[in-house]
Amino acid sequence: MLSRERVIEVIEHRKPDRVPVYGWVRANLEKQISKTFGSVEAFEDKYEFDFAHLFGGPPTFDHQALVELREDVGGTIEPKDLLDFPMHDPDDMPAYQSIIDQVKHHKEQRGRFVYVQTPGFFEAMNGPFGIENHLMYLALYPEELHEIYKRQAQWNIRFANNCLDLGVDMIHVSDDWGAQSGLMFSPKVWRELIFPYHKMVCDTVKERGAYVSLHSDGNVSSVLDGIVELRYNVVHPYQVSAGMDYGLYKNHYADKFTIMGGLDVQTTIGFGKIDQLRSEIVDVLSMFADGGLLFCTTHFVQDHCSIDELVFAYDLVYEAVREMG
């Protein structure tokens with residue numbers, strides 16, 4: 001079975017020949033990996049990664065324009081300031097060249113499943129507002145936020161369609177909602193302010209016959225039914241270290257969405273606890289040997305992880321998925 005086929009088998013809730021494997025390793029460990037393997041690409045090839053996370057395309061807002069806006073309004077951007085603030089053209093096709101190059105490298109040349117990051121709505125506006133202000137604005141300015149999120153959704157739809165036209169397999173919406181024990185806001189606020197705009201994007205991607213995935217750190221258990229209603233195919237990271245439960249997933253959601261994750265950067269990898277690392281990798285892979293998991297780090301592996309520990313982890317994963325398969 002080819003890598004892309006293997007990932008699709010899991011997303012479609014069928015049993016793969018083995019668990020597909022990936023890891024967010026470049027952001028903090030590129031120098032260490034390149035010193036040992038020559039490049040991150042060589043590391044990915046050695047461990048025969050099955051899928052790839054792509055970044056690129058035009059930004060939503062021009063960074064310098066936001067800096068100037070913040071200065072103009074005295075340091076604090078409010079929702080009213082963004083209602084008519086210009087957004088970067090999502091059809092600026094030269095800005096997609098890096099995505100084109102990544103699709104060629106990963107999908108066309110190596111047969112991997114590829115997904116591309118796109119902004120969510122709460123997370124995307126944390127940049128202009130600051131997260132503390134944004135949480136306050138959810139209560140103070142809901143009508144203005146509806147308009148801002150709608151603009152972002154319309155931008156995301158055009159971005160997603162362009163990426164799908166370029167051969168991307170899945171649109172990955174990054175929108176952190178969770179803290180360590182629950183949402184950062186109430187499920188009611190989530191349903192009223194966040195849900196409608198995710199639905200716009202999800203419906204568009206589904207109409208194209210493509211897959212859609214959600215990234216949210218933290219505990220999002222209270223809105224899992226809503227995530228199912230949105231028809232997300234994949235949820236990343238399904239963070240057990242924040243109190244989420246694989247048993248709940250197995251009993252209620254295994255036929256609804258696939259988990260991407262399993263290797264926790266908050267508690268498991270990067271702490272020099274090799275026995276714990278070994279045990280948790282084997283336990284997770286055993287639990288999902290029949291499907292339901294795209295094995296991946298829960299976020300970027302942090303720079304306190306040694307190259308020796310990273311190699312140990314992926315040597316183990318490489319061997320274990322083939323033995324269990």
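The values are calculated or read from the model by the stated rules, or taken from the named source; none is laboratory data. Predicted, not measured: the structure shown is a model, and the values here were computed from it. Heads up, the Cβs are rebuilt from the backbone with ideal geometry, glycines too, and the neighbour counts pull from every protein chain shown.
Lys80: modelled with pLDDT of 95 or more, among the basic types (Lys, Arg), part of a helix (DSSP H, G or I) and crowded, with 18+ Cβ neighbours inside 10 Å, yes or no? No: the conditions fail for Lys80. Looking only at residues of region 8-25 that are under 17 Å from Val284 (Cβ atoms) and hydrophobic (A, V, I, L, M, F, W, C), we find that the one that is farthest from the chain's Cα centre (by Cα) is Val19.
Collect the residues in region 1-24 that are buried (at least 22 other Cβ atoms within 10 Å of the Cβ) and of a type in the set (Lys, Arg), keeping them in residue-number order. Within region 1-24, just Arg6 meets the criteria.
Within region 191-219, the set of residues being part of a helix (DSSP H, G or I) and either of a type in the set (Asp, Glu) or crowded, with 21+ Cβ neighbours inside 10 Å (or both) comprises Glu192, Ile194, Tyr197, His198, Val201, Cys202, Asp203, Val205, Glu207.
The residue pairs whose first member lies in region 76-89 and is among the polar types (S, T, N, Q), whose second member is at pLDDT 95 or above, and whose beta carbons are closer than 7 Å, counting only pairs six or more residues apart or on different chains, are Thr76/Asn133. Each residue in region 25-58 was checked for being surrounded by 18 or more Cβ atoms within 10 Å (Cβ to Cβ), out of contact with any His (no Cβ under 6 Å at 6 or more places or on another chain) and assigned to a loop (DSSP other than H, G, I, E, B), and 5 of them qualify. Only one of the listed residues (Gln180, Gln102, Gln117, Gln152) is assigned to a loop (DSSP other than H, G, I, E, B) and either in contact (Cβ under 8 Å) with a residue 60 or more places away in the chain or buried (at least 19 other Cβ atoms within 10 Å of the Cβ) (or both). That residue is Gln180.
Name every residue in region 253-298 that is surrounded by fewer than 18 Cβ atoms within 10 Å (Cβ to Cβ), free of Cβ contacts under 8 Å to residues at least 24 places away in the same chain and part of a helix (DSSP H, G or I), in order of residue number. Once the filter is applied, which keeps residues that are surrounded by fewer than 18 Cβ atoms within 10 Å (Cβ to Cβ), free of Cβ contacts under 8 Å to residues at least 24 places away in the same chain and part of a helix (DSSP H, G or I), region 253-298 yields Asp275, Gln276, Ser279, Asp283.
Taking the criterion of being polar (S, T, N, Q) and closer than 17 Å to Asn161 by Cα, the residues of region 200-240 that qualify are Thr204, Ser213.
Assess whether Thr60 counts as being of a type in the set (Val, Ile, Thr), over 20 Å from Tyr232 (Cβ atoms) and more than 20 Å from the chain's Cα centre (by Cα). No, not satisfied.
If the condition is being more than 15 Å from the chain's Cα centre (by Cα), of a type in the set (A, V, I, L, M) and either part of a loop (DSSP other than H, G, I, E, B) or under 14 Å from His252 (Cβ atoms) (or both), then region 220-230 contributes Val223, Leu224, Val228.
For Val228, all conditions in the list (1) buried (at least 16 other Cβ atoms within 10 Å of the Cβ); (2) under 22 Å from Asn156 (Cβ atoms); (3) of a type in the set (A, V, I, L, M) hold save one; what is the number of the exception? That leaves (1) as the condition not met. Listed conditions (1) over 16 Å from the mean Cα position of the chain (by Cα); (2) farther than 23 Å from His304 by Cα are all met by Asn233, apart from (1).
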